[in-house]
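Asker: Here it is, the structure in full.
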Amino acid sequence: MSKLGWAALCAASVLATAGEAGATVMVATVTGTVVQSARGPSFVYPGDLFGPPDTNITGEAFRADFTFDTTRGTPTSTPTRNIVEGGIATADYFSLSPIISATLQINGHAISYVDGFYGLLYFNPGSQYINIFSETDYNGLHFEGGLGITIHGSALPLNFDAPFAVPASDVSGTYYYNDGQNYERGSLVPTSFSLNPLAVPEPSTWALMIVGAGMIGRSVRQRQGNINRQI
């Protein structure tokens, strides 16, 4: 077998192993409409965050995306529930949040709710719910925000090791903002929900890309050598 063949075989083997390990990275996507539930004392509408001031976004479409790694964070497990949390707000200060990214989009405006402050995956099938929650303090600027969804159902798993489906009507969501004087809290009413592994290229695709790059590099080196000999 040629050196390039061995390279492809080795690359595929290594990347296949990496792909299996990466199966713990999941993406939850929720879409639906916004319902304003509370504000005060001086906030006018949630549109202060997701558009021009005084914009009423009740009834507007939203999209929330969570990407999380079930191997990150500090787990606390019992036979009936499983909690994974992390971030500088936890007792284990150096524990990574299981939430890699959490973004809420409304009216073309997107706000991130991840800065390493706090993330939570809470599985409680006995009480028929799962929480996915991310909280941020916006890098210590003295105000905080949170984005979370709750999945309801009678046959929920104790982890996110594999995709599962529930009707959108069994999912609810909320977001909030609080700067110590003003607060805003909005409810999210989903019309769609999905939970799937993070899409990554197949190991064989990565192997072919690596071999292709190697062949290009070899061709460039040979051409450079021919030029040097001609000189």
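Asker: Between residue 91 and residue 165, what is the label-point separation in nm under the 7 Å Cα-to-beta-carbon projection?
Answerer: Output for this residue pair reads 4.0 nm.
Asker: Run the quick spin-label model on residue 189 and residue 112: label points 7 Å from Cα toward the beta carbon, then report their separation in nm to one decimal.
Answerer: 3.2
Asker: Can you put 78, 70, 136 in order, fewest other beta carbons within 10 Å first?
Answerer: Arranged by neighbour count, lowest to highest, 78, 70, 136 become 78, 70, 136.
Asker: How big is the equivalent ellipsoid of the range 24-199 along its three axes, where each semi-axis is √(5λ) from the Cα gyration tensor, reported in whole Å from largest to smallest?
Answerer: 26, 20, 14
Asker: In nm, to one decimal, how far is the modelled label at residue 131 from the one at residue 105, with both set 7 Å along Cα→Cβ?
Answerer: Calculated label separation equals 2.7 nm.
Asker: Say R0 is 22 Å: what FRET efficiency, to the nearest 0.05, do residue 61 and residue 199 get from their beta-carbon distance?
Answerer: Calculated value: 0.40.
Asker: Among 189, 114, 30, which comes first, then next, by fewest other beta-carbon atoms within 10 Å?
Answerer: Lowest to highest Cβ neighbour count: 189, 114, 30.
Asker: For a quick check: sort 175, 129 by the number of other beta carbons within 10 angstrom, fewest at the front.
Answerer: 129, 175
A short reminder: the numbers here are calculations on the coordinates, not readings from a lab. All values reported here derive from a predicted model rather than from experimental measurement. Counting neighbours? That spans all protein chains shown, and the Cβs are built from the backbone with ideal geometry, glycine included.
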